[in-house]
Every structure is written in structure tokens, then in C-alpha cells.
There are 2 protein chains.
Amino acid sequence: MLNETHDPALRSWVPSTAADAADFPIQNLPFGRFVSPATGRPTLGVAIADAVLDLVAATAAGVLGGDAAEGVNACRDGWLNGLMALPARHASALRRDLSRALRADACIDKRLRACLFLRRGLRMLRPVDVRNFSDFYTSIHHARNCGRLRRPDNPVLPSFHAHPVAYHGRASTLSASGTAFHRPMGQFVRPGESMPVFEASQALDFECELGVYVGQGSALGERIALQDAPRHVFGFSLLNDWSARDLQVWESSPLGPFLSKSFVSTVGEWVVTAEAMAPFHVPAAPREEGVAPLLPCLDEAADRLQGGLSIDLEIRLRTAAMQRAGSAAMVLARPRFSDQYWTVGQMLAHQASNGCRLETGDLLGSGTVSGPTDDRLGCLLELTRAGQRSFMLPDGEERTYLEDGDEVVIAARSAAPGFVPIGFGACAGTVLPARR
Amino acid sequence: MLNETHDPALRSWVPSTAADAADFPIQNLPFGRFVSPATGRPTLGVAIADAVLDLVAATAAGVLGGDAAEGVNACRDGWLNGLMALPARHASALRRDLSRALRADACIDKRLRACLFLRRGLRMLRPVDVRNFSDFYTSIHHARNCGRLRRPDNPVLPSFHAHPVAYHGRASTLSASGTAFHRPMGQFVRPGESMPVFEASQALDFECELGVYVGQGSALGERIALQDAPRHVFGFSLLNDWSARDLQVWESSPLGPFLSKSFVSTVGEWVVTAEAMAPFHVPAAPREEGVAPLLPCLDEAADRLQGGLSIDLEIRLRTAAMQRAGSAAMVLARPRFSDQYWTVGQMLAHQASNGCRLETGDLLGSGTVSGPTDDRLGCLLELTRAGQRSFMLPDGEERTYLEDGDEVVIAARSAAPGFVPIGFGACAGTVLPARR
């Protein structure tokens, strides 16, 4: 629902000089969690231009009141979950009050100004305490490219067209953007051999995804109708579901991926609210021709018309050598979320279709965002044809899968005619050598 | 490690007249969570003979002190997790102090007696706040019986012998013993058809499993050596991983089971501690002949010698008609945990082998416990040959999969020469009609 906070004429009195300030115009106001430079303790904030506003401090100072203050005060344990669990009017009131207080023509409240910190150099933390993480597989291009490796004649299984395929992920290894992690050890079969070894993965990959955070949950045994799905979505975040492809091939039959995914997954710094995304809805991607019609529970007019989201992602690689040389990161691909075959609403409706309880803070990953062309592929498995085709970096290095010291950064931007574009900040991670 | 609490000569002064009192001799002392009849609020307890001792009340009354009281006081939020997270000496001191106070020759503390409630009729709750649930597949008989349905010539994949196969489950739908749940709706393909319908599952099954609760967790990036795995195990519980077989067949390629499992899983009432299980360790089941040797990380002398557990399970079915007629439940099978191909230690070591963080309270399911004979099969998929072979109930009813109103109860007992047998209480659930 569009309202005064989406007005493209709005500007903020907070300066915008940082390289990434364009991600955070006053029309965005995404939530994050960071270590306060004032107290040294974790706190919740909202990004605005070059700064972050400490919401807890602002509420304590009396700058926020009513539903907005109640929303912040609900986050007593330091996580964003408290606000997410409340009726949507609290987050909405907070957005409206912050928008009014941060506008260029607002009378600047000194107490509010005292709660602003420069965003640059802040230590960002995971904003949401995620209890359940499920990861979907909603790109038909990704499904086709992956399926082709195993079934060249029949890459996309019939079930792919019938429902958004997914598996349960591991919540305990969700990590904040910027976390460096060790290359996983695991079992895999070396090329040309038949018996597995237990070694450091030789096929470490990223997966560029969008994460969906659940606000209002659901009860055990309750389904969520597709038309009601949007009211369970609190917001969106970048997500990197790092994958060890060699472990994945060896372990995935018959129960699916397990250790090849659970060593770490990185969530983006910022939660862009569903309300901030209101201007960026687009029609859902068209069904492929010649496939069976959708079952009614996954088919609904509003979802077809505006179930898609216009989010343009970007995957950047910076190797250890590039970091030493001070070289800029290389853009590997620019996937578009509007290419996804299944919508966020369909993911939620499907997840709850068997009565599975959703909890506030649950994270649903979109699966790798991949498009029909090479410059829109969301993982190295696809970009390198399962490691068969290497690529060169500007400094002459060669890559198929990730090497130790590589940093991968995912970024994203949403734009629509007549609106101010908003961004998602960064979802970054660095590969450390395996611990043997 | 055996100690005075395992002495088979010990008897308790608490009366043992209830039908299930033999499950709870003073050598057991399992943990549970229940609604206190005194306060109407959830509290933690230990089962003893016909009774439950309210640990929180006993500590408040000053009956417990030192490490034992510290252990109970760590559970301030009402879950057992606080005690589980502490060094093992706390749970051990609690067990020792309770054993001494409840012995037949003890001077009976009136304050302690006031904290006892008759177990019968108590409302039992989930004892542990589980954040991560992974479900294994550690029975070779189950793997062979299931694999045969898809691959008659090659039922057991080579990876089965190389590592304990597993998938991530859904923590949000773990439910207390006694929970009735609605038959799940979902997509499946009717026999003889090719396109899926969205309907109530026609192939609802149980899976008789053992659950393993993690006490001490591990850090991100840290592996757990097989020889250290036992010190991460707090205790064991019964587990029923209800499964919709028709949903499972349709959805499981390529990412494994999802909605066919996540509608509900039932955990047993009681957590039998690793310390109580000390007398019941047996050698791990032998490797099959002709398969490759284990990789060193999953092979260790102590695990081979005593990695198995002697736990005899029992699966009982009572239909709505049997309940109306007052008939006793029918025993469907008596699986033995000692038949499992992989040990609990191997499950834990494998789960953490990629650096996946374990958290206190994590639940690892053994997967269906099945043996080599028909009377030791742990699910209807196996007992009815995937629904091809029905069975008769004493009152003339016929079954392949579960029908509405069916109650399934799993029970278990551990015994060893020279020791007093202990039991696990019940893990019960009832099927309600689907919500359409």
C-alpha cells in the first residue's frame, strides 16, 4: 500500500555522501542491528543516507511515541523479532514517524540527531533471531541449469511446475554479513575415483538469493491462503546460501542436501520492509508453455498481477590478491529477481499448505536467483558449467570455484518509474582456509 | 560412567503401583515438563515410580543445593535447556542428590514429599526448546526396504555405507506427546494418474525413532571428533516423525522431503539422560560385508565397542473404534535400537564434520528404527510394503496407512544383565480429520 512515506519528492536532512548512501534514501528506512559506538552493546537501527539511527536510544530519549515506541520497546531482547511479531501498524507507525522526523523540511530534533551514527565502520550483526530456515528453488533457469547436469534430456522435473520446491535449512549457522568462515571439510568423491575421501571441499560456491522474513506467524494445522500470504511477510534481505558442490553430489541421494549447505549461510545487513517494497511489485513471471495449469491453491489473480518483485542483484568477487593490490571487486553477474518462476506469496502458501507452523522471524530463501542469460546466473555451478569452464579475473587470476581469501559481496537495488530507487546494502562473506 | 545411582539394589520410598511405574525406577530419573497441579503453570520435573517431583518447587523449598540447585535455577525460562547447557556435573549432581533423597532408606524430607505429584493425569509438555532438528536415516533395514521401492536391484546406495545420511527437519512443528493433529493436506499424484491433486494425504504413516538431545553445543567452524561426541549428548527421547508418503513421493526430487514431514513430529514425554543409559551400551551393529572400510573420522574403537544402545521399542495402534469399544491397543512391531547401522556418536560427529554449529537443545532423530524381521519394522511403509499389503486389527478393522481417529503410541525399555531396566514413557499422537 503506497502512502506518504513513498513520496519521491521526499529528501532527508541527513547527509548523503557515502558510496552506498543511494541504497538508503528516506523512502527505504530498512532495519538492522549493530554494535552501538556509544555503549559498545548491540542495538537496533534504521539506515538513513550516511547514517544509522539507534532506535532504542531514540525511543529512550522520548523522540518516538505511540505505536512506534511500542514497536521498538517490544524488542527488549535486542532482536528485531519483537517488532516483527506485532500487528503491522507498529512497524508502519515507526516508518511514518521516522519519515516525518528525517525529512529535509522537518524541524530537527536534537535528541534524534544525538542518536545518529555514521554507518561507515559500524559492526553489523544479524538483525533477526531465526528459528526456522527453509530454502526454496524458485528459479526455473537455475533448476534447468542444475538439472541438466544430471538429466540432460529432462532437466526440469514435472514437480517443479506444480509447486515451489524447497528443503529445510539449518538455522544455527546463519551468520551476519561480513563473517569470514572456514572452507568446510566433508566427504566427496574425487573425479575419476569411486570411493569418497574426507577432505576440504574443492568446489565451494555461493548462491545469490533473496531472503523473506516472516512477521506474523501461523498456528499448527493452519494453512495460509495465497491471498493472505503478503500479510505474513515482514520484509526482505539478501542471502548467500554458500554451497559445497562436491559434498552435495555425494550426499544428496535420497534425502537432499545436508552438510553441503549447513556450514554457513550469510544474511544481509538490512531488512527492507514489505512496506518499503510496495512500489516495486511487478507481474509474476509467466508460466512456461505446455505445462499443466496451477492448482487453485497456488493461483490467484493478485499474485499473478503483482506477485513479482523488481530487484536487480549484483554479485561481486574480490580475491585476496585483488585486496592486496587494492583492486576493485569484479562483477560476476547481475541476476534479476523478476526472473523467478515462483512468487514470495506462493513460497509462503506452499510452506504452510500442510499446516506447518510459521514463527515470527522465520527465514524463507528464494533459492539461487538466475536468469536466462550468462550475465544473470546466480552461482558458480551455473557460471562455470559445474567447474568445466573457468573464467579470468582482471589481474590474470583464474577461477572455477572459490579459493581461500575470496570475498563475495551481494548487493541489490529496486527501481520503478516515478519512485526513488532503494537498495539492500551488502551481504558479504570471506572464505578462510579449511581447519584440518 | 557407572556410579552409585545405577546400583540395582536401590529402591525408592515412592510407591510403584501404576501400570507404567516400571519405566521409572530410581535408576532412571528422566526429565520432563508438565503443568503443575499446584500452580497451573509449566514446571520441570523428574519421574519417579508413580510420581513426578517438581524440581523448581523442590529447589525453591531448599531441598536441593549446590550444583544440583544451580542446575535447576539455570532453567529460569521454564525449559530444560538451561540445565542442558551447563557442564555435565550439574545434571550429575542433581541425579545423585535426587537418588539419595528418594531411596527407600533415606530420611524422608517432608518438603520434598510436598513437591511430588501423581504422574497419572498430568498434562505433559515439550521439555526442550529445540532450535535445530535434523533427522537421520541410520537403519540399513529401513534404507533397504525404502530403497527397494525405487531401485529394486540397488536398494542401498553406496553413500549409505560411507556416512549417516540425514536431512534438516522442521523445529517449529515438534509437538508434545499426546498432541492430536490434523491429517495434512498436500500435493500428490493419485495411483494411475500423472498430474497432482491438492488433497488430504491418503498415505499417512508414523516413523518410530529415537531422539538425541544435544547438551553442550559447538562453535561455528568446529568439528566434533567421534571420541568426543558422547560429551555433547545430554539424553534421549522417543520421537515419532509422522510422514505423508504420497506427498513425499511427489515432492522429494531433487531436494528431499519437505512438507511430507513438516506438518508435525511428536517428541516423547521424558528425556532419559545419557548418565541413566550408561548400563545399556552395547557394541555397534557390525558393518555389512563387502563394503568399503569406514573413513577414520567415523571409525573409533570405543564407538565400535559400546556405541550401540540396547533399547527395545514398541509401537501400538488404537483406532477410534477400539477406543470406543474399550479395547487394548494392538502392538504393531517391536523394533530394536541395537539394530541401527550407525551410532549416535557417528550421527553427531557427522553433523558437525563441516563445522556446523550445534546448539544446546538441538534434536537429532535416528530415523526409523527397523530390524531384519517383519516384527521389527518401524513404519507402515515397511510393514505394509508401501500400502500393498493390509493388516487386520483384532476387532476386524483393516489398515494399510493411518485413518482418522487412530492413536499411535511408541514406548521403549532398556535392559541389561545385572541392572534394573528403565523405560522412556510414551510418545503418543492422534490423527484428526484434515482441515479442508
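Count the net charge of all other residues whose Cβ sits under 14 Å from the Cβ of residue B:20, scoring Lys and Arg as +1 and Asp and Glu as -1.
Here the charged neighbours net out to 0.
Give me the distance in nm between label points sitting 7 Å out from Cα along the Cα-to-Cβ direction at residue B:17 and residue A:301, one decimal.
6.9 nm
Dividing the alpha-carbon radius of gyration of the protein assembly as shown by 2.2 N^0.38 Å (N being the number of residues), what value is obtained?
Working it through for the protein assembly as shown, the quotient is 0.96.
Of B:271, B:291, B:233, which has the largest mean-square fluctuation in a 10 Å C-alpha GNM of chain B?
It is B:291.
Give me Rg over Rh for chain B, both radii from the alpha carbons and Rh done the Kirkwood way, two decimal places.
Rg/Rh for chain B comes to 0.96.
Using Cα pairs closer than 8 Å and at least 6 residues apart in sequence, work out the relative contact order for the stretch B:1-152, in percent.
It rounds to 26 percent for the stretch B:1-152.
About the Cα centre of the stretch A:148-287, what is the dipole size in debye to 20, counting +1 per Lys and Arg Cβ and -1 per Asp and Glu Cβ, all else neutral?
The calculated dipole for the stretch A:148-287 is roughly 260 debye.
Does the stretch A:75-140 classify as rounded, prolate or oblate by the C-alpha gyration tensor (a ≥ b ≥ c root eigenvalues; a/c under 1.5 gives rounded; else a/b over b/c gives prolate, otherwise oblate)?
In terms of gyration-tensor shape, prolate.
Could you state how much accessible area is buried at the A-B interface, both sides summed, with a 1.4 Å probe, in Å² to the nearest 100?
The buried area between A and B, both sides summed, comes to about 5600 Å².
Counting Lys and Arg as +1 and Asp and Glu as -1, what is the net charge of the other residues whose Cβ lies under 15 Å from the Cβ of residue B:10?
Here the count lands on 0.
Which residue is it, in chain A, that holds its beta carbon closest to the axis of the A-onto-B rotation, and how many whole angstrom away?
A:256, 1
Quick one: P(r) of the stretch B:300-387 from all Cα-Cα pairs, 10 Å bins, percents rounded to integers, in order of increasing distance.
Pair shares across the bins are 14, 33, 30, 17, 6, 1.
Just how far, in whole angstrom, is the stretch B:232-265 from the stretch B:409-436 if you go by their alpha carbon centroids?
18 Å
Within the stretch A:1-85, list the trypsin sites (Lys or Arg not before Pro) lying in a DSSP loop whose Cβ has at most 12 other Cβ atoms in a 10 Å radius.
A:76
Using the Karplus curve 6.51 cos²θ - 1.76 cosθ + 1.60 with θ = phi - 60°, work out ³J(HN,Hα) for each residue of the stretch A:114-125 in order, rounded to whole Hz, and write x for Gly and Pro.
Whole-Hz 3J(HN,Hα) from phi for the stretch A:114-125: 5, 9, 8, 10, 4, 5, 4, x, 5, 8, 8, 10.
Using helices alone, what [θ] at 222 nm do you get for chain B, with -39,500 (n - 2.57) per DSSP H run of 4 or more residues, divided over all residues and rounded to the nearest 500?
-5000 deg cm²/dmol
How large a share of the accessible area of the protein assembly as shown, in percent, is made up of carbon and sulfur atoms when the probe is 1.4 Å and the other protein chains stay in place?
Carbon and sulfur atoms account for 52 percent of the accessible area of the protein assembly as shown.
Would you mind checking which residues have amide H under 5 Å from residue A:234's amide H? H placed 1.01 Å from N; only 5 or more apart, or other chain.
A:213, A:214, A:215
Tally Lys and Arg at +1 and Asp and Glu at -1 over the other residues with C-beta under 14 Å from the C-beta of residue A:33: what net charge comes out?
That works out to +1.
Give me the dipole magnitude in Debye, nearest 20, for the protein assembly as shown about the Cα centre, with unit charges on the beta carbon: positive for Lys and Arg, negative for Asp and Glu.
Here the size comes out at about 1180 debye.
Counting only other chains, and only Cβ atoms inside 10 Å, what mean value do you get across the residues of B:244-257?
That average works out to 5.
If I model a spin label as a point 7 Å beyond the Cα along the Cα-Cβ vector, how far apart are those points for residue A:61 and residue B:413 in nm?
Here the modelled spin labels are 6.9 nm apart.
Could you give the dipole magnitude of chain A about its Cα centre, charging the beta-carbon of Lys and Arg +1 and that of Asp and Glu -1, in debye to the nearest 20?
Dipole magnitude for chain A comes out near 700 debye.
Per the Debye formula with a single identical scatterer at each Cα and no solvent contribution, what log10 I(q)/I(0) holds for the stretch B:227-319 at q = 0.10 Å⁻¹?
-0.46
One decimal, nm, shortest first: give the distances between the label point of residue B:396 and those of the same position in the other copies, each label point 7 Å from Cα along Cα→Cβ.
Going from nearest to farthest copy, the values are 8.9 nm.
Over what distance in Å are the Cα centres of the stretch A:324-358 and the stretch B:78-156 separated?
A separation of 38 Å, based on Cα centres.
Could you compute the longest span of chain B free of GluC sites (Glu not before Pro) located in DSSP loops and having at most 14 other Cβ atoms within 10 Å, not counting the site residues?
Details: sites that count: B:193, B:222, B:288, B:289.
Between the exposed loop sites, the longest stretch runs B:1-192.
The values are calculated or read from the model by the stated rules, or taken from the named source; none is laboratory data. Computed from a predicted model, the values in this text were never measured in an experiment. So basically every Cβ, Gly included, is an ideal-geometry build from the backbone, and we count neighbours across all protein chains shown. To get the accessible areas, we keep the full protein, side chains included, count just its heavy atoms, and leave off ligands, DNA and RNA. Shrake-Rupley method; radii C 1.70, N 1.55, O 1.52, S 1.80 Å.
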